[in-house]
Each structure stands twice: as C-alpha cells, then as structure tokens.
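Below: the structure, in structure tokens.
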Amino acid sequence: MSGHLQMSTLDPSLPVPPTSVTIADGTSVSIDEYVYLQAEYPGEPHYVGRVMEFVYVPRVRQPKPLLSMSGIRKQMADKTASGDDSGRDTPTPASSTAQLRVRLAWFQRPRDLPLTRVRAKDMRLLVATMHTDLNPVSAIRGKCQVRH
C-alpha cells in the first residue's frame, strides 16, 4: 500500500471515497473501467489506464505570500472598515481539506518502454505495466476500450 492510500483510509476526517465519479463531459467512470488522459505534450497520443480506485488525499496547503507594508496597511484598513476585528479564520468546508484522486494502472506504448525500442506498426498497441499512481480526477478526458 502506498502512503496516500493509507492516509486516506485511516484519516477519519476524510470522506469515504466513491466507487464512481462523473467527469467534465458528463460521463460516469467506475472502478475497473479504462480511461484516457490528456498527454503532456501536444501531438502525443493520450495516456491510457485502468481505474483501480478513487482516493481522497489531504489537500496540501500553500504558504501565504508575503505582503509589503503597504499591503498589510490596506488589509488592516479593509478589516477595520468591514468591522471585522476578531482575527479568527473562517471555518473551511471538509471538501477544501481533501482532494479526490484516481489510482490508475498504466498502459504504455512499445516506443515508451526502455527495453523495446521496436517500432510497432499498429499505433493502438498497448502494453500493461505494473506501474500505478494517483492523478486528479479532472485529468480524465473520457472512457475507452482496451481489448486483450
């Protein structure tokens, strides 16, 4: 088990992950379905993987940017003008503390594998690998079929 999976299943503050999600185009994607993701570089073929699970992981908080003295003065003036001098942060909803990710089992094209630099005649050929990782659900572009 990876550290992400252990954190998501053992942290009681994180929601229970779903078994299916709806992506941006309205398609429902479930566990054990094949999906494609946008390639990093233009002109490259899509990445293909099998959905193993959906996982909530804690959201990483970004440090606040430093303000100049004029920015601090403006911020203090805004607080005074609005009557908010409590100095307390507003509570954040649970959804802002966790990100939904998808664990994918990757397929590779023969040209992408280090040991097989053979040019395959069929560009649709995929090789199943044991490599998995977590990706944002928003990276899924659609479902596809993988036949073996």
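The values are calculated or read from the model by the stated rules, or taken from the named source; none is laboratory data. Note that the structure is predicted; figures quoted are calculated from it, not measured. For neighbour counting, all protein chains shown are included, and Cβ atoms are generated from backbone atoms with ideal geometry for every residue, glycine included. With ligands, DNA and RNA removed, areas are computed over all heavy atoms of the protein, side chains included. Shrake-Rupley method; radii C 1.70, N 1.55, O 1.52, S 1.80 Å.
Summary table
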read-out	value
Any chance Leu67 is at pLDDT 70 or above, aliphatic (A, V, I, L, M) and surrounded by 11 or more Cβ atoms within 10 Å (Cβ to Cβ)	no
Positions within the range 20-63 being among the hydroxyl-bearing types (Ser, Thr, Tyr) and open to solvent by 90 Å² or more (accessible area, probe 1.4 Å), in sequence order	Thr22, Tyr41
